[in-house]
Amino acid sequence: MPDLRAWLRRRTVRAGALLACLTVVTGACAPRLTPLPTVTTPAHPDYVYPEVPPVFARPELTLRLDRGWTFLQAGNPEAARGEFSAALSANPRFYPAEAGMAYARLAEGDAEGAASAFERALARDAAYVPALVGRGDALLALDRPDEAAEAYRAALEARPELPEVRRRLETISFRSQQAALQAAREAAASGRHAEAVAAYGRAIASSPESGFLYRELADVERRQGGRTRALEHLRRAVALDPGDRQSWLLIGELLTEGGDLAGAVAAYEKAAAIDPGSDIAKRLDAARRALALSRLPKEYAEIAGEATLTRGQLAALVGVRLAGLVEGNQRRQGVVLTDTRGHWAAPWILAVARAGIMEPYPNHTFGPDIAVRRLDVARAVRQVLDLVGQRKPALAAPWNQGRPAIADLPFSHLGYPAAAVAVTSGVMPLRDGRFAPGEPVSGAEAIAIVDRLEELAR
């Protein structure tokens, strides 16, 4: 580390000078000092040299500290403790020697004693980096990684340029995250949701910038019925990683469940922009349909429960469900209708009339409240299939050429061509060989017919 290299340079230059100063200060009573070993390869290169603050700049203290550190790096922690102890005897407040003593104990494998000694040094100076780093090392040796991480963070806050300390902190965070993540996944798989939530919380605390952790936590919260909390976690996930397709999908699902269809559509569109696929396409299409339906008049939603369908309701069904086909074939711009103003289905009535799917009466009325029969629906079905056939002639050929036998509708009947197309295409199947052209059509039956038309039009 930079501190150790700097110490090695300083020690060589000043060792003789400090010894001379000590002799001057103590005179004939100067103690005999054990010769120092030569350090070529430090025994503990990761230890942070305990630099001396200006307030303790006394030659005899600095000499003892440097000698102790030399013995420590030479692999002789016992001799190092002797030097550090001598410095502390000269000045009990000299906390760099306390930190040196702690490092010596750490080198001897006494992590508990080292941690206590580092704490004594920090009691003198809470921001003393060598003691903070050393305390982190001791706590790691004692298998107390969370406390060690706190010490390393404090050291980096005071001195950000310590790459080795940063790497140690990253290693702790990674190991802590992995342990918590494994515990969280095991708890979630076993249905221990509360335990899983707590474990994910620990994993996130170790790695708060990992978006996937929030996604997995959201899934657990969702299983417990915590939709709001799940959404909060997912929004955090995509804030950290806007390209998280799975999180956008889950957001769409949760918003759909909560009735926020516009939000669901937006979320699915985000997912589709990242990576389009059939799974998203189906959900997006369903969400868009649901959103469109939610914006329709309440009368539209009531169609499914009607025993008898009206012309206005049929026009609305076709206009809404086959909007692309209808809007792409607005050929009769001169259509005039005198009885649809104010009717809830007026926009779709006009659209299907202009597309030629449903004809107005000769007197320019539409009769939106008149009940429709099966043959009336068959005529509208034929017009829709004609429009489909213009785009898909190969698909339309069989139903345009078919001449099915219909027990209650002879070939000569004016309504037979429309019924034949409706039957041959599979849109309006026969009932025991009969078409029942005069029978009314229910809302549910009409919806099933439009479902089949929509399938053919895709």
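Nothing in this text is a laboratory measurement; each read-out follows from the coordinates by a stated rule. Remember, predicted model here, so these are calculated numbers, not experimental data. Glycine gets a Cβ as well: all are built from the backbone with ideal geometry, and neighbour counts include every protein chain shown.
The structure shown yields log10 I(q)/I(0) by the Debye sum over Cα atoms at q = 0.06, 0.12 Å⁻¹, and of the options (1) -0.55, -1.02; (2) -0.30, -1.03; (3) -0.38, -1.25 that calculated value carries the label (1). Just to confirm my numbers, what's the Cα centroid distance between segment 340-361 and segment 185-259 in Å? For segment 340-361 versus segment 185-259, the Cα centre distance is 48 Å. The charge dipole of the chain, taken about its Cα centre with unit charges on the Cβ atoms of Lys, Arg (+1), Asp and Glu (-1) only, comes to about 840 debye. Kirkwood hydrodynamic radius computed over segment 320-439 comes to 15.4 Å, based on all pairs of distinct alpha carbons. Each of LEU142, PRO368, ALA218 was scored by the projection of its Cα onto the charge dipole of the chain, and the greatest displacement toward the positive side belongs to PRO368; charges sit on the C-beta of Lys, Arg, Asp and Glu. Note on ARG120 and TYR361: the model spin-label points, each 7 Å out from Cα along the C-beta direction, lie 10.8 nm apart.
Look at LEU387, LEU122 and count the other Cβ atoms within 10 Å of each Cβ; fewest to most, that gives LEU387, LEU122. Summing charges over all other residues whose Cβ lies under 13 Å from the Cβ of ARG93, with Lys and Arg as +1 and Asp and Glu as -1, gives +1.
Each Lys and Arg adds +1 at its Cβ and each Asp and Glu adds -1 at its Cβ; summed about the Cα centre, segment 185-294 shows a dipole of about 180 debye.
Dipole magnitude of segment 301-457 about its Cα centre, charges +1 at Lys/Arg Cβ and -1 at Asp/Glu Cβ only, in debye to the nearest 20? Numbers along the way, then the final one.
Details: 16 positive and 15 negative charges, 103 e Å.
Magnitude of the dipole: close to 500 debye.
Look at where the Cα atoms of segment 63-128 and of segment 284-317 average out, and the two centres are 82 Å apart.
Taking the beta-carbon count within 10 Å as an exposure proxy, list VAL52, VAL326, VAL384 from fewest neighbours to most.
VAL52, VAL326, VAL384
Write out the trypsin sites (Lys or Arg not before Pro) in segment 313-348 meeting two conditions: DSSP loop, and at most 15 other Cβ atoms within 10 Å of their Cβ.
Values: sites: ARG321, ARG331, ARG332, ARG341; in loops: ARG331, ARG332, ARG341.
Passing sites in segment 313-348 are ARG331, ARG332, ARG341.
Only loop residues by DSSP count here, and only those with at most 10 other Cβ atoms within 10 Å; note down the GluC sites (Glu not before Pro) in segment 249-350 that meet that. Working shown, then result.
Working: sites: GLU253, GLU257, GLU269, GLU299, GLU302, GLU306, GLU327; in loops: GLU302, GLU306.
Answer in residue order: no site qualifies.
Take 173-185, 366-378 and order them by the average number of nearby Cβ atoms within 10 Å per residue, most first; the result is 366-378, 173-185. A dipole drawn for the chain from +1 and -1 charges on Cβ atoms has a positive end, and of SER173, ALA407, VAL421 the residue lying farthest that way is VAL421. Placing unit charges on the Cβ atoms of the charged side chains and taking the dipole of the chain about its Cα centre, the candidate lying farthest along the positive direction among GLY433, GLY191, TYR103 is GLY433.
Ranked by how many other Cβ atoms sit within 10 Å of their own Cβ, fewest first, the residues LYS282, LYS270, LYS298 fall in the order LYS298, LYS282, LYS270. Label-to-label distance for GLN178 and ASN400 is 6.7 nm, based on points extended 7 Å past Cα in the beta-carbon direction.
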